[in-house]
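The block underneath contains the structure these notes are about, expressed in structure tokens.
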Amino acid sequence: AFDAQRPPAVDSGWVQTRMVDLVRRATERTSSVVFRPGDGHGPVDEVRRNLDPNESSRWSIILSALILCLYAVIAGPVNFAIWRRRGRPLRALGWLPVIAGLTFGSVVVVGVAAKGCSGRARHLTVIEAGAGMTKGTARRWRGLFTPQAESLSVVARGETHTLGIAMTSITDAPHDELVIDRDGMRLEKVTVRPWKTLVIREDGLADLGDGISLTPEAGGAIRVTNRSGRRLRGLVVHNGHGVSFFHDSLDDGASVSTATMTIVSASTAAGYAFSVTRYAPYYIRDELDRAATGLADAWQAVQVAPVVERNWFPDDVPTLLGQLEGGEGTTRDSGLPVDSDRVLVRVVGWGGTP
């Protein structure tokens, strides 16, 4: 019987060459996956900021500062000047608590209006798949926000999916109970602090309809065919040889060639001795945000999330990045309404039907 660990097979040049080739292919495949299921947890502060409703309420700080400045003017010079002219300057002291109370109430109202009185959830998902594949691996970040301290139950979206509290600079030591049963994994007694966003990381699978195809054309062009069941927005196609192309949107069932796309600068060398190619969405921020509001910030948060440098654009094969319109269609998460559901997709290699 053939045994690769014993002579004559172990001494065969053919066997040795094939084993080296298998190891090389496995290494290349691993390096082409940015978010590997079960990867170690690292800080995801950019992701947390992207999912945090507080980040869109910075206007309240400016308005509160203006209210306090107005209070300083009215309670001091204006208040005392009015009562001095009326000949009763000490009455100004009686009005100070009233003005202070009105100011305090105004600041509280601004804060409540900015942060809201109800909890909500926001999702950011990255799906990775080979060209033409109908399913891909998915890394989901689920941001949970409540106006008061709550203990929530977080359920995985699939029986084989894994869950965990994502690390951020403001995340306390996790207090939860991991439960695994026939319905899958869930986290019980997850404590959410008031007006703070807690991020849950979930690794699993996601559906891509009939897939997104990348096929070669004459002259070195690449044809992109969208059969995902949803419109693609903000397409970035890297040809594997250092050139990137941009296209605003692609309807389901439609196709487009890179020959008709706009050439852009969307990548940069990174890592040890510049051994990997990183996605640089800030180079094409205007194009991405025209395609979908906030898309550049979402990609920026995602591309710094891996624990170690990953090769976003492998050599010699095409890579497509984009956003699937409509998200995953989730309306509630752990009892909270979902007000933002963004799904990003990364497709690597040749494959699929033109």
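Annotations
- Residue check for Val107: buried (at least 16 other Cβ atoms within 10 Å of the Cβ), closer than 25 Å to Ser64 by Cβ and not charged (D, E, K, R): yes
- Restricted to helices (runs of 4 or more DSSP H) entirely inside the range 1-102, those with at least 2 residues that are modelled with pLDDT of 90 or more and closer than 21 Å to Gln303 by Cα are 45-51.
- For Ser267, the conditions (1) in the same structural domain as Ala291 (by TED's automatic domain parsing); (2) at pLDDT below 95; (3) over 20 Å from the mean Cα position of the chain (by Cα) are fulfilled apart from (3).
- Filter result (within 28 Å of Ser169 (Cα to Cα), at pLDDT 90 or above and touching a Gly at 6+ places or on another chain (Cβ under 7 Å)) within the range 302-340: Gln323, Leu336
- Any strands (runs of 3 or more DSSP E) falling wholly within the range 132-219 and containing at least 1 residues that are small (Gly, Ala, Ser) and more than 30 Å from Trp350 (Cβ to Cβ): 135-146, 150-155, 162-165, 184-192
- For the range 295-322, the candidate set comprises residues that are of a type outside the set (Phe, Trp, Tyr), under 23 Å from Ser213 (Cα atoms) and in contact with a helix residue (DSSP H, G or I) (Cβ under 6 Å, 6 or more places away or on another chain); within that set, the residue that is surrounded by the most Cβ atoms within 10 Å (Cβ to Cβ) is Leu295.
- Extreme residue, nearest to Ala114 (Cα to Cα), among residues of the range 47-88 that are in contact with a Phe, Trp or Tyr (Cβ under 9 Å, 6 or more places away or on another chain) and among the polar types (S, T, N, Q): Asn54
- For the range 333-350, residues that are out of contact with any strand residue (DSSP E or B) (no Cβ under 6 Å at 6 or more places or on another chain) and part of a strand (DSSP E or B) total 0.
- Answer from Gly326, Gly253 - the residue that is assigned to a loop (DSSP other than H, G, I, E, B), over 21 Å from Gly349 (Cβ atoms) and touching a residue at least 60 places away in the same chain (Cβ under 8 Å): Gly326
- Residue check for Glu202: of a type outside the set (S, T, N, Q), modelled with pLDDT under 90 and touching a Lys or Arg at 6+ places or on another chain (Cβ under 7 Å): no
The values are calculated or read from the model by the stated rules, or taken from the named source; none is laboratory data. All values derive from a computational prediction rather than experimental measurement. All Cβ positions, glycine included, derive from the backbone under ideal geometry; neighbour counts span all protein chains shown.
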